[in-house]
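Okay, so here's the structure we're looking at.
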Amino acid sequence: MNKKRLAKLGYVVAAGASFLFSIWLWFTGGREEGMFVGLWVPSILSFGTLVLGSSNHGK
């Protein structure tokens with residue numbers, strides 16, 4: 001597995017873990033915390049796109 005594919009997998013796993021943690025918080029009574037952590041998902045994916053997309057810039 002090459003580095004770029006491993007990095008993509010890492011960002012997706014991090015976003016998935018954030019999503020699951022958000023759901024867990026929501027259903028265990030921490031609704032505001034669950035919403036806050038849920039906002040991390042698009043941020044993580046956007047950051048991953050920014051980092052991995054910039055490596056192709058100029059090629």
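The alpha-carbon atoms of the chain, seen along their principal axes, cover 48, 22, 7 angstrom, with the largest extent given first.
For the chain, the membrane-span-like helix rule (DSSP H, alpha carbon extent of at least 20 Å along the helix axis, mean Kyte-Doolittle at least 1.0) picks out 40-54; this says nothing about an actual membrane.
Remark: relative contact order (the chain) = 36 percent; criterion is Cα-Cα distance under 8 angstrom and separation of 6 or more residues.
Here the calculated FRET efficiency for Leu52 and Phe19, from their Cβ-Cβ distance with R0 = 25 Å, stands at 0.80, rounded to the nearest 0.05.
Summarising the amide proton neighbourhood of Gly30: residues at separation of 5 or more, or on other chains, whose placed amide H is nearer than 5 Å comprise an empty set. In the chain, the calculated helix contribution to ellipticity at 222 nm averages -27000 deg cm²/dmol per residue, counting -39,500 (n - 2.57) for every DSSP H run with n ≥ 4.
Read the figures in this text as sums done on the coordinates, not as results from a lab. Computed from a predicted structure; not experimentally measured. Note that each Cβ is placed from the backbone with ideal geometry, even for glycine, and that neighbours are counted across all protein chains shown.
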